[in-house]
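These notes concern the structure reproduced below.
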Amino acid sequence: MASRRPRIDRTRLDQPQVGRRSLQIQYDPEAFGRWTERVARFLGTGRYLVYQSFAIVVWIVINVVPGIPHFDPYTFTFLTLVLSLQAAYAAPLILLAQNRQDDRDRVNLEADRDEARQSKADLEYLARELASLRVAIGEVATRDFIRSELGRLEDRLDPDEPPGVKPA
C-alpha cells in the first residue's frame, strides 16, 4: 500500500510549509565550509592584498593611458562594481569561516573543561592518597624513634648484670 503524505494545513502560520520544489540545490555543508575557510584564510594574507592592489593598478593604467581603448572610463564605475561584488561575497565567506572556527573553539573549550575536571579529580584523589600515606607513616616507628627507645632501655638496665639474667 502506498503511503500518502499528510495533508498540510496552509492556514497554519506556525508550521513550515513542506512543498515540492522544482529546483533544490544539494551540497555538502562540510566541504563548503572547508572551502570558505580556505578562501577566508587567503583573503587575510598579504599575498591577496598585493594581488588585488596589482590588479587595481593595472585596471586604472589601462583605462587612463591614452591610445588604449578604455572599457571603464575615468570614474571607474565598473571597477567600483567589481570591488563591491568582491566585498559582497568576501564578507559572508569570512563570517562563515569565523562561525566554523567558533564552533571548533567551543568544542575544544568543552574538551579542555572535561580534561580539567578529570585532572582536578585525579589531583584530589592523589592528595587524599598522600594524606593517608602520611598518616600511615606517622604510625610507623622511625629509625630515630627506635634508637631513642633502645637508648632508654639501655639506661634502665643495670650495667653489672649479665644479659638474660633477671634480677631477683
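The values are calculated or read from the model by the stated rules, or taken from the named source; none is laboratory data. Not measured: the values here are computed from a predicted model. Here Cβ is always computed from backbone atoms with ideal geometry, including for glycine, and neighbour counts include all displayed protein chains.
General observations
- Qualifying positions in segment 53-65 - part of a helix (DSSP H, G or I) and without any contact (Cβ under 8 Å) to a residue 12 or more places away in the chain: Ser53, Phe54, Ala55, Val57, Val58, Val61, Ile62, Val64
- Within segment 127-144, the set of residues being aliphatic (A, V, I, L, M) and outside any helix (DSSP H, G or I) comprises Val140, Ala141.
- Residue check for Ala91: touching a residue at least 24 places away in the same chain (Cβ under 8 Å) and closer than 17 Å to Thr36 by Cα: no
- Hey, Tyr125 at pLDDT 95 or above, at negative phi and not acidic (Asp, Glu) or not: yes
- One residue stands out among those in segment 66-82 that are at negative phi and in contact (Cβ under 8 Å) with a residue 12 or more places away in the chain: the one that is surrounded by the fewest Cβ atoms within 10 Å (Cβ to Cβ), which is Leu79.
- Scanning segment 64-97 for residues that are among the polar types (S, T, N, Q) and at pLDDT 90 or above, we see that the one that is nearest to Glu30 (Cα to Cα) is Gln86.
- Residue count, segment 68-98 (criterion: farther than 25 Å from Phe42 by Cβ and outside any loop (DSSP other than H, G, I, E, B)): 1
- Condition met for Arg21 (closer than 30 Å to Asn99 by Cβ, of a type in the set (Lys, Arg) and either at pLDDT 90 or above or surrounded by 10 or more Cβ atoms within 10 Å (Cβ to Cβ) (or both)): no
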